[in-house]
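**Q** Quick one: structure below, then a few questions.
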Amino acid sequence: MTVPHFSAVIPVFNSAATLEKVVDDVAVFFQSSGRSFEIILVNDGSRDGSWAIAEKLAKRLPFVTAIDLVRNFGQHPALFCGLRAARGDAVVMLDDDLQNPASEIEKLICKAAEGHDLVVGRYETKRHSFFRRLGSGMVQCLQERIFNKPRDFVLTNFRLAERAVVERALLLEGPKPYLPGLLLAASGSPANVLVQHRPSALPRSRYSFVKLLGLVGRLLFQYSTWPLRMMVLLGSGVALVSFVLGGIFLVRGLVHAAQVPGWTSIAVLLSFFCGFIILLLGILGEYLRYLVQRLNQPQPYFVRKIVRHDPV
């Protein structure tokens with residue numbers, strides 16, 4: 001089987017209205033430029049008939065492979081699955097809602113030709129809601145601290161990665177992989193390029209407020225020890241204050257006669273220190289939870305079915 005030069009990986013979630021158009025646009029782009037390619041569609045637990053369309057496309061078109069996951073695992077595990085199935089020398093990742101025009105792939109390819117092993121599209125005008133942009137800003141701040149992302153570098157869902165970067169990122173598999181950070185960590189020369197960004201053609205958003213909070217928690221506890229280090233510093237400060245207060249109370253007890261009054265102070269101090277200990281135990285519990293998940297579910301997804309073109 002001939003290895004294509006490019007693989008286009010598209011996670012699919014409730015996109016029956018746009019999926020055929022996305023595949024057609026990507027196919028027309030590569031065919032018009034004379035580049036060999038394949039398209040990997042990963043159905044992430046869609047409930048609107050998206051899998052039936054992906055399966056039909058895979059049976060009809062020789063360059064399409066459709067993968068059906070057993071349930072909804074999330075966008076990043078679905079992409080992880082697609083990267084494992086991709087065979088191209090370079091992998092292009094884009095969304096299924098027509099926000100990323102297929103013609104803009106040319107900009108990614110040209111930027112990679114300058115010597116970059118990871119090229120990420122930077123949107124000229126973002127078409128997300130204010131809430132989504134605010135949440136993305138929070139995530140960007142965490143990316144800078146956890147993955148050493150340069151401040152002027154932007155991570156988006158529209159990107160191209162060379163085969164070597166993909167293979168290194170796949171080695172970092174876990175129960176809930178955060179693919180943008182893993183690709184950045186596996187890259188030696190990342191770069192941004194300005195691309196167009198359309199409004200989504202689908203009436204849905206992958207990231208609600210709860211999901212954004214979950215992503216922030218996953219970045220903090222799965223990929224960094226920053227919360228633990230902060231608690232160590234805070235705990236050291238609390239311990240120092242407690243030692244000082246203990247010394248003051250000891251001196252007062254030796255110099256002055258013991259007095260019964262003081263229950264309010266004791267109650268306040270006990271509540272404060274016990275609350276701090278419970279908070280610290282909660283953070284340790286989060287790290288323990290991720291360790292247990294990694295041991296019990298080392299793979300972030302499970303595949304139900306794979307469909308490829310079967311020539312008659």
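The values are calculated or read from the model by the stated rules, or taken from the named source; none is laboratory data. Model, not experiment: these values are computed from the prediction. Note: ideal-geometry Cβ built from the backbone for every residue, glycine included; neighbour counts use all protein chains shown.
**Q** From ASP25, ASP89, ASP44, which residue is within 30 Å of SER187 (Cα to Cα), surrounded by fewer than 24 Cβ atoms within 10 Å (Cβ to Cβ) and touching a Leu at 6+ places or on another chain (Cβ under 9 Å)?
**A** Residue meeting the stated conditions: ASP25.
So that you can scan it fast, the table gives a plain yes or no per residue for (1) within 16 Å of ALA102 (Cα to Cα); (2) of a type outside the set (A, V, I, L, M):
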position: PRO4; (1), (2): no, yes
position: ASN14; (1), (2): no, yes
position: VAL22; (1), (2): yes, no
position: SER36; (1), (2): yes, yes
position: SER46; (1), (2): no, yes
position: ILE53; (1), (2): no, no
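**Q** Using beta carbons and a limit of 9 Å, which pairs, at least six apart or on different chains, have the first residue in segment 70-96 and within 14 Å of ASP44 (Cβ to Cβ) and the second one β-branched (Val, Ile, Thr) and in a loop (DSSP other than H, G, I, E, B)?
**A** Filtered contacts from segment 70-96: ASP96/THR18.
**Q** Please give the number of the condition PHE73 fails out of (1) more than 16 Å from the chain's Cα centre (by Cα); (2) crowded, with 17+ Cβ neighbours inside 10 Å; (3) not small (Gly, Ala, Ser).
**A** The one condition PHE73 does not meet is (1).
**Q** Additional query: Assess whether ILE53 counts as being part of a helix (DSSP H, G or I) and either modelled with pLDDT of 95 or more or touching a Ser or Thr at 6+ places or on another chain (Cβ under 6 Å) (or both).
**A** Yes, satisfied.
**Q** If I go through segment 1-24 residue by residue, how many of them are closer than 19 Å to GLY82 by Cα and in a helix (DSSP H, G or I)?
**A** Within segment 1-24, residues that are closer than 19 Å to GLY82 by Cα and in a helix (DSSP H, G or I) number 5.
**Q** Of the residues PRO177, PRO199, PRO203, PRO190, only one is assigned by TED's automatic domain parsing to the domain that holds CYS81, surrounded by fewer than 20 Cβ atoms within 10 Å (Cβ to Cβ) and modelled with pLDDT of 70 or more; which?
**A** Checking each option against the conditions leaves just PRO199.
**Q** Give LEU215, LEU233 a once-over and let me know the one that is assigned to a helix (DSSP H, G or I) and either at pLDDT below 70 or among the polar types (S, T, N, Q) (or both).
**A** LEU215
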